[in-house]
Amino acid sequence: MPADLSADRTATLEPLSWRGTVEREFFGLPRVHRALLSQAPLTITTLVVVIFLALIDPALITNLLFVLGLSGVFLLVGVAALLRWKVLPDWFIWVIPLADFIAIGAMVHGANQSLSGLSLLSVFPVLWLAWSDMPPKFTRIIAFVGPLTIAWAPFLFGGVEPSRAGLIKPLLIPIIMLGLATAATVVTKSLQVQAERLSAATGEAQLRASQLDSIINVAEVGVVVVDGGGHDLLMNKYQQAIHSLALPAAKADSAEAELLVFGPDRLTRVPSEERPVRRAVNGEEYSGELYWIGSGTGQRAMSTSARQIVDECGARRGAVVVFHDVSEVMEAVAAQEDFVASVSHELRTPLTSILGYLELVLDDLDDDVAASYLKIVSRNAERLLRLVNDLLGSAREAMTLTPQMGDLQAILVSAVDAARHRAEQRNVRIHLDVESEMLGSFDRGRIGQAIDNLISNAVKFASSPGIVEVVGKSTATGLSVSVRDDGIGISPEEQMSLFTRFYRTESARQAAVPGVGLGLAITKTIADAHGGTVTVASTVGEGSTFRLSIPR
Ligand code: ADP
């Protein structure tokens, strides 16, 4: 099964395995079963005793009272099995152990003391009552009175004159039964409490599981949970729909490699090992990574995040991967980019023409006043054109480069020269420290633009008076330029958004430093297009260092 979006498509929350066991506990059984189970030990023991007696004293079996008692025990099993317990009140179940005492009494006196141990059979109805619902107090009274009645039956019902010894001697068994009943009721009570607690906990766990199930299935995000071995534990309905998008048409159970998972360009297939769930299975955590799932018009953009599940000892137990459909947002962004690109394109043509004609007019103009006005017009038109070019550059998704062999040293020198005038106005000193030769293959115009952006920002945001330091170096792998200023600096939170289009820091906005927040986004696009990087290190109040690195 493919494990890149998830393997098992039908998984929901696992049922609790001990649930059934709890329900089968003795106290949860129907009364007919409880009655039969409780009566069984007495019946089986009586049967064994009868066989035993038949062997040692066959004459006893013919004693009427004994046979009546014996029949009573077996009859009570039948009664327990046949009674319609559902229509009888709860307490009716106690009638059977109480009747047991009568049957045992008949057997004891039928055996006529020849088998004195027979009265120990009272232990069964005593236990019977102890684990029934009878209040413990009554159970103890009956446990004592029942065997005592059996022992004193000759005095109570047989007209025999009670003697002191005859009354006291048989007290032993009722006392033992009383002790036994006390112990048994305590144990039974605690078992009942445990069973109730367990059942409450089970109910709670089941409720939680079904709540979680509902939440997960109602959420408009895909959720996959995998265990430490990468097997699916859970996949919600939304994710099942996303998964089916990834299946190539007419292939319900495609191999992992065939699944339609693409990178941010919507065209490049993501290799199995780099797919969202696989990465999480391999122990990675990430947030907001963009994947495109499916193909053609049905293709959807998914922002995916993964978190590891660890137990209390810190061992990895699996991972949760969440898929959030951001197709609408991506479409809105694309529409915005299209709009910016087409508007800036439309503006650029007339602006270029205005600038061209202005130049012609200025060349032939003798009127100094008019010329000074037109120069202002020309300067502002140039500023407008730069802005339009920036907008157009930032809207372009993939920047096209024309790399050539060149010397970055020359570009740095001219970028610093170009910034000097503005730096002097702000009383900022620019210090350039560059190697005599920094050869490499790059798009000269684009890299020049990126360096201009960094230096002009440093001049804009440096202290006044202040200093900007530009350092150019060749490294083992490429070329690197760092631009450091001693200005306002950028907070760590703001650094995270710095390379986003139109982003400006709070302090830049408050200080009304001119700019629209496109320079760094363009610089990053240029660095990316060269396979390089642009990074920032900054401390608020101390200054910032931007570093542009490109491979040679
Ligand atoms: P712009 O300079 O046109 O506003 P950028 O994209 O070049 O656009 O810069 C974006 C924002 O980043 C700036 O508005 C400013 O808030 C911040 N920033 C850039 N460079 C620096 C710097 N050297 N020091 C402090 N803040 C900076």
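The values are calculated or read from the model by the stated rules, or taken from the named source; none is laboratory data. Everything quoted here is computed from the prediction, not taken from an experiment. Glycine gets a Cβ as well: all are built from the backbone with ideal geometry, and neighbour counts include every protein chain shown. Only protein heavy atoms, including side chains, enter the accessible area calculation; ligands, DNA and RNA are left aside. Shrake-Rupley method; radii C 1.70, N 1.55, O 1.52, S 1.80 Å.
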Considering region 99-125 alone, what residues qualify as being assigned to a helix (DSSP H, G or I) and either free of Cβ contacts under 8 Å to residues at least 40 places away in the same chain or outside the structural domain of residue 172 (by TED's automatic domain parsing) (or both)?
99, 102, 103, 116, 117
I need every pair where a residue in region 511-540 that is closer than 19 Å to residue 552 by Cβ has its Cβ under 6 Å from the Cβ of a residue that is assigned to a loop (DSSP other than H, G, I, E, B) and away from the ligand (no atom under 13 Å from the Cβ), sequence separation at least 6 or different chains.
529/399; 529/401
Members of region 518-529 that are in contact with a strand residue (DSSP E or B) (Cβ under 6 Å, 6 or more places away or on another chain) and either within 11 Å of the ligand (Cβ to nearest atom) or open to solvent by 30 Å² or more (accessible area, probe 1.4 Å) (or both):
523, 524
Give me the pairs, please: first residue somewhere in region 445-464 and over 21 Å from residue 427 (Cβ atoms) and assigned to a helix (DSSP H, G or I), second residue anywhere and near the ligand (Cβ under 9 Å from one of its atoms) and of a type in the set (Ser, Thr, Tyr), beta-carbon distance under 9 Å, and either six or more positions apart or on two chains.
449/523; 450/523; 451/523; 453/523
For the condition crowded, with 24+ Cβ neighbours inside 10 Å, under 14 Å from residue 434 (Cα atoms) and at pLDDT 95 or above, what is the one hit in 471, 481?
481
Against the condition more than 7 Å from the ligand (Cβ to nearest atom) and in contact with a helix residue (DSSP H, G or I) (Cβ under 9 Å, 6 or more places away or on another chain), how does residue 546 come out, does it pass?
no
Quick test of your reading of the structure: residue 181 fulfils all but one of (1) in a helix (DSSP H, G or I); (2) open to solvent by 40 Å² or more (accessible area, probe 1.4 Å). Name the failing condition by number.
(2)
Being within 22 Å of residue 518 (Cα to Cα), more than 12 Å from the ligand (Cβ to nearest atom), more than 46 Å from the chain's Cα centre (by Cα) and not β-branched (Val, Ile, Thr): is that true of residue 412 here?
yes
Can you name the residue in region 448-468 that is within 46 Å of the chain's Cα centre (by Cα) and more than 11 Å from the ligand (Cβ to nearest atom) and, of all such residues, is least open to solvent (accessible area, probe 1.4 Å)?
451
Working carefully through the options 51, 96, find the one that is assigned by TED's automatic domain parsing to the domain that holds residue 35 and either free of Cβ contacts under 8 Å to residues at least 40 places away in the same chain or small (Gly, Ala, Ser) (or both).
51
Count of residues meeting criterion [closer than 20 Å to residue 451 by Cβ and within 6 Å of the ligand (Cβ to nearest atom)] in region 479-507:
4
